[in-house]
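The values are calculated or read from the model by the stated rules, or taken from the named source; none is laboratory data. Quick caveat: nothing in here was measured; it's all calculated off a predicted structure. Because the Cβ atoms are built from the backbone with ideal geometry, glycine has one as well, and the counts that use them run over all protein chains shown.
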Amino acid sequence: MRTSDQENKYQRAQARVGELKEFYNHLGIYLIFVVFFLALNYFTSGYFWAIFPILGWGLGILGHAANTFRWNPFFSKDWEQRKIDEYLRNDDLK
């Protein structure tokens, strides 16, 4: 029998696995469409237009990856802790 804490931990782990699964599905679909866009571009046009949807969607993939893997170079946990310490030192909480 699971305790409430174990059940909560299990649900969080299950949600995390779901996030990872969604990201990898998104990445797989993106890679399939990259091949599709490149093939379509190759057989239909001399102009390399496929770069635009590939790069646009690629930016979306990067955002999804940053969210999934908890990566934020601008507001990291270290930054948060430094700001908290700074406000506590300066008593600048108005």
Exercise for the section: Taking residue 39 as the residue in question, decide whether it is surrounded by 11 or more Cβ atoms within 10 Å (Cβ to Cβ) and within 23 Å of the chain's Cα centre (by Cα). Expected result: no
Exercise for the section: Can you confirm whether region 34-54 contains a residue that is in contact (Cβ under 8 Å) with a residue 12 or more places away in the chain and part of a loop (DSSP other than H, G, I, E, B)? Expected result: yes
Problem - Subset of region 50-85 that is more than 30 Å from residue 40 (Cα to Cα), at pLDDT 85 or above and not charged (D, E, K, R) - its residue that is surrounded by the most Cβ atoms within 10 Å (Cβ to Cβ) - result: 68
Handout entry: Filter pass, residue 88 being out of contact with any Pro (no Cβ under 8 Å at 6 or more places or on another chain), modelled with pLDDT of 85 or more and assigned to a helix (DSSP H, G or I)
Key = no
